[in-house]
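J.: Can you keep this structure in mind? I'll have questions shortly.
The values are calculated or read from the model by the stated rules, or taken from the named source; none is laboratory data. Model, not experiment: these values are computed from the prediction. As a convention, Cβ positions derive from the backbone with ideal geometry for all residues, glycine included, and neighbour counts pool all protein chains shown. For the accessible areas, the whole protein counts, side chains as well, though only heavy atoms, and no ligand, DNA or RNA atoms are used. Shrake-Rupley method; radii C 1.70, N 1.55, O 1.52, S 1.80 Å.
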Amino acid sequence: MKKLLLGNAAAARGLFEAGCSFVSSYPGTPSTEITEEAAKFPEVYAEWAPNEKCALEAALGASIAGARALCAMKHVGLNVAADPLYTAAYTGVNGGLVIAVADDPGMHSSQNEQDSRHHAIASKVPMVEPSDSAECRDFMKLAFELSERFDTPVLFRTCTRVAHSQSLVELHDRQEQPLKEYVKNPRKYVMAPGNAIPQHVVVEERTEKLRAYGEDCPFNRVEMGDTQWGVITSGISYQYVKEALPNVSVLKLGLVNPLPEQLIRDFAAKVQKLAVVEELDPVIETHLATLGIHVDLGKKELGLLGEFSQNRIRAAFGCPLPESRKLDEALPVRPPVLCPGCPHRGLFHVLHKLKVTVSGDIGCYTLGASAPLSAMDSTICMGASIGVMHGFEKVRPEAAKKTVAVIGDSTFMHSGMTGLVNLVYNQGVGVVLILDNSITGMTGHQQNPLTGMTLKEQPTAQLSAEKIAEACGVKRVRVVDPQDLKATEAAIKEELAADEPSVIVVRRPCALLKWVKHKPAFHIDPDKCRSCKACMQIGCPAIVFDGKAAIDPTLCVGCGLCQQLCKFGAIAE
Amino acid sequence: METKSIMIVGVGGQGTLLASRLIGNALISTGADVKLSEVHGMSQRGGSVVTYVKYGDTVHSPLIDLGEADYILSFEALEAGRFLPYLKKGGTIITNTQHILPMPVITGQMAYPENVLDELKAKANVIAVDALSLAEQAGSPKAVNVVLTGVLSKAMDLPEEVWQQSLETTVPPKFLELNKKAFRLGRES
């Protein structure tokens, strides 16, 4: 039976069919649905870990114990998981271990555009790269076989356009994998120098064996066509090449680390001109340079930035582009905004009003940086807000009374806690605002250790942000409701004035959660509205202005935040 | 069969994903190769969103590039204007007449282009429908996506029962009758 599946769902189908029985991940766009879909199979144990490092360590533990295991993450998550990855490369596996990593060229939902292939090269771990949903399923199954055959973790790389595109997949049955025998083996699993030194030899030998395997393996294939141009490509770029240049010869690389040598030499010898088409960094092209193979068209013509597309390839090869027209006038942009009723809106309105320096973090609340709230000074990576605030204040002590860190509940659990420990231990005085909206929001509502539910929707221990803060040594810990603007403002002012670290848990559930009840839409009495635009300062998409302010009843969820801002009593339930 | 491209554009939260899945599920029952592409994450939060549907004998790229869309199905008037450059020569824009104000308009930095549909009509084939009214008539303003899919269905050469089947497999049973009505109102508009 053929089914239309998202690349991520096809990857989940692949791990299911491969008999994988353990999945541990941290959500991250565009990788999240691999784990969500895997969790739907009763045969697969699946969990959300607090971060990618914990997740990969758990998956490695399951592999050592003899199960086939998977860990999924977005590209920046692999930085967090890099520590266990680079040493798992030395230990190898018992049950097959696959690490799925989704890159985001074009940065649809990311803070950078890094190319995960560099991690594969640096960690000396093989990497496979599918180009559509059918290959996501096939390559996932092959990746588990590869992992066990070569005793290595395997990286499975996708990008947004593979992860979040749907195409047809043939469904097969699951091949159950009995738990492999576990034998205590410190030489393999205790990576102290005495064992790691000989293991490094094994790793280098393995890479050469994998390179030889890549010369003739099911991941790599040659599609000979017109020999005027030969294109070496991989992943989603293959699809763009086939669309833009249907007649050229193609060497499609599915095993992108290590890269083959003879296969490339043979292909290059058969074509008159050679092109390399790869998104982001010149990994294949650099490999060709080390082999001394001349590339006629590559990064110089195609560029390092953003996503490719069929037109970008047509343009680079000098092919005609389809005719395109546009309107004469410039149209207003439509950036993403905080949703109507979003609990972050009240907090960022207060921060904007107090003119504080805001050290930001990763989540929906990063949108607090946008106009008209404009209440964020920096956003770096998961968990960075507390550390950045700490360093900022240490060198600018006068800033301590007007600097805060904002961090979401899930981000705090991910990697904010260690920053808080640092703040307390090193005598910082900052104010940390933990934005607890009872869910991991931006990635589409995943459970986390503060929600009291597991990925499989089972009730579990619900950790407390307040108690964690207290246990980290913070004496000033309090909770506010961001919907109460006065109380929120008062709490932040008091904590800024204190000469020791404080944590304010800013708590209200995400307005999109199914269990959150909404009031009917509010409305604005046009006779009472004085057109002062005070209600417009919160950047609510439900409030529009045409001489007078008005509320769009199809968008308003009745949060009433705007009512607190109206000095003329014009806004009512 | 030559590959056909449908671009679905709108505002995050309007249900463009459901529309693409509805079309995708209708298409696979015809035996065509189908690819859908969507973007999740930050852009979903009230931003401009795009979903692609492509079908034919063999579909390679899941993306629709400038000048390639046979149809642009737009859930909002301004978004129809924004994505005009993607329309193929001779292609058709099917758009909702509804206006949803983007933040730069709400904050007063820019004006909403009130005559955007007239300008579009001067440059392309445009079918404009008040999908919000039809959705409300069907029972929910949220059914705009299914109304518009109904409008598009007239232009696609697929039998009626394929669409009914797709509605049944794509929409939760609780909302099936409402959505069937919304689809019919769109198809008969």
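J.: I'm a student and want to see the number: the projected area of the Cα convex hull of chain A, averaged over all directions, in nm².
T.: Answer in nm², one decimal: 30.5.
J.: Using a basic spin-label model with each label point 7 Å from the Cα along Cα→Cβ, how many nm lie between residue A:261 and residue A:151?
T.: In this crude label model, residue A:261 to residue A:151 measures out at 2.4 nm.
J.: With a cap of 16 neighbouring Cβ atoms within 10 Å, and only residues DSSP puts in a loop, list the chymotrypsin sites (Phe, Trp or Tyr not before Pro) found in region B:83-189.
T.: Within region B:83-189, no chymotrypsin sites (Phe, Trp or Tyr not before Pro) qualify (loop, at most 16 other Cβ atoms within 10 Å).
J.: Tell me, in nm to one decimal, what length is gained between residue A:305 and residue A:517 on full extension, where the rule is 0.36 nm per residue of separation less the Cα-Cα distance?
T.: 72.0 nm
J.: Also, quick follow-up: Suppose R0 equals 45 Å; then what is the FRET efficiency for residue A:87 and residue A:43 from their Cβ-Cβ distance, rounded to the nearest 0.05?
T.: 0.95
J.: Short version: ³J(HN,Hα) in whole Hz for each residue of region B:118-132, in order, from phi by Karplus 6.51 cos²θ - 1.76 cosθ + 1.60 (θ = phi - 60°), x for Gly and Pro, what are they?
T.: Once θ is set to phi - 60°, the couplings for region B:118-132 become 5, 5, 4, 5, 6, 10, 7, 6, 10, 10, 10, 9, 7, 5, 5 Hz.
J.: Treating the angle as unsigned and between 0 and 90°, give the value, to the nearest 10°, between the Cα long axis of helix A:7-17 and the longest Cα principal axis of chain A.
T.: 60
J.: Rounded, prolate or oblate for region A:457-559? Axes are the square roots of the Cα gyration tensor eigenvalues, ordered a ≥ b ≥ c, and the cut-off for rounded is a/c under 1.5.
T.: The shape class here is oblate.
J.: Would you list which lysines come within 22 Å of residue A:456, measuring only between C-alpha atoms, while excluding same-chain residues fewer than 8 positions from it?
T.: Leaving aside lysines fewer than 8 places away in the same chain, those within reach of residue A:456 are A:40, A:53, A:74, A:514.
J.: Excluding residue A:530 itself, what net charge comes from residues whose Cβ is under 12 Å from its Cβ, given Lys and Arg +1 and Asp and Glu -1?
T.: +2
J.: Lysines near residue A:528 by alpha-carbon distance under 28 Å, same-chain residues fewer than 8 away left out - which ones?
T.: Hits, sequence-local ones excluded: A:353, A:486, A:519, A:548, A:567.
J.: Please give the FRET efficiency for residue A:399 paired with residue A:187, using the beta carbon to beta carbon distance and R0 = 41 Å, rounded to the nearest 0.05.
T.: The value I calculate is 0.20.
J.: Is it possible to state the helix-based mean residue ellipticity at 222 nm for chain B, with each DSSP H run of 4+ residues giving -39500 (n - 2.57), the sum divided by total residues, to the nearest 500 deg cm²/dmol? What is it?
T.: -11000 deg cm²/dmol
J.: Another question about this same structure. Kindly rank A:519-525, A:178-184 from highest to lowest mean number of other beta carbons found within 10 Å of each residue.
T.: A:519-525, A:178-184
J.: 222 nm [θ] for chain A, helices only, -39500 (n - 2.57) per DSSP H run of 4+, per residue, to 500?
T.: -10000 deg cm²/dmol
J.: Given a 1.4 angstrom probe, what's the average accessible area per residue across the protein assembly as shown, in square angstrom?
T.: Each residue of the protein assembly as shown exposes 39 Å² on average to a 1.4 Å probe.
J.: Here's another thing I want to ask about it. Once you put a point 7 Å from the Cα of residue B:189 and another 7 Å from the Cα of residue A:497, both along the Cβ direction, what distance in nm separates them?
T.: If labels sit at residue B:189 and residue A:497, their model points lie 5.8 nm apart.
J.: Taking only pairs that are 8 or more places apart or on different chains, how many Lys pairs in region A:82-197 have Cα atoms under 24 angstrom apart?
T.: Lysine pairs satisfying the spacing and distance rule in region A:82-197 number 4.
J.: Round to the nearest 10 and give me the degree value, 0 to 90, for the angle of helix A:485-497's Cα axis relative to the longest principal axis of chain A.
T.: 80
J.: Let me ask another. Would you grab the residues whose amide H sits under 5 Å from the one on residue A:479? Only those 5+ places off in sequence or on another chain, please, with H modelled 1.01 Å from N.
T.: For residue A:479, the qualifying residues are A:505.
J.: Give me the percent of the accessible area of region B:94-189 that comes from carbon and sulfur atoms, probe 1.4 Å, all protein chains in place.
T.: 51
J.: Straight-line reach from residue B:123: which lysines have Cα under 17 Å away, leaving out those fewer than 8 places along the same chain?
T.: Filter leaves A:326, B:88, B:89.
J.: With label points built 7 Å along Cα→Cβ from the Cα atoms of residue A:354 and residue A:173, find their separation and express it in nm.
T.: 6.2
J.: Once amide H atoms are placed 1.01 Å from N in the peptide plane, what residues at a sequence separation of 5 or more from residue B:74, or on another chain, have their amide H within under 5 Å of its amide H?
T.: B:9, B:94, B:95, B:96
J.: Within 12 Å, Cβ to Cβ, of residue A:68, how many net charges do the neighbouring residues add up to if Lys/Arg are +1 and Asp/Glu are -1?
T.: Charge balance in the 12 Å sphere: -2.
J.: Carbon-plus-sulfur fraction of the accessible area of region A:6-119, 1.4 Å probe, in percent?
T.: In region A:6-119, the share of accessible area belonging to carbon and sulfur is 56 percent.
J.: Oh, and also: Give the carbon-plus-sulfur fraction of the accessible surface of region A:349-499 in %, rounded to a whole number; probe 1.4 Å, heavy atoms of protein chains only.
T.: Whole-percent figure for carbon plus sulfur exposure: 56.
J.: Classify region A:59-166: rounded, prolate or oblate, from the alpha-carbon gyration tensor (a ≥ b ≥ c, eigenvalue square roots; a/c under 1.5 rounded; otherwise prolate if a/b is larger than b/c)?
T.: oblate
J.: Oh, and also: Rounded if a/c is under 1.5, else prolate if a/b is larger than b/c, else oblate: which is chain B, with a ≥ b ≥ c the root eigenvalues of its Cα gyration tensor?
T.: Here chain B falls in the oblate category.
J.: Something else about it: I'd like the interface area for chains B and A: accessible area of each alone minus the complex, both sides summed, 1.4 Å probe, protein heavy atoms only. What is it in Å² to the nearest 100?
T.: So the total buried area for this chain pair works out to about 5000 Å².
J.: Based on the Cβ-Cβ distance of residue A:546 and residue B:176, what FRET efficiency does E = 1/(1 + (r/R0)^6) give at R0 = 56 Å, to the nearest 0.05?
T.: About 0.90, to the nearest 0.05.
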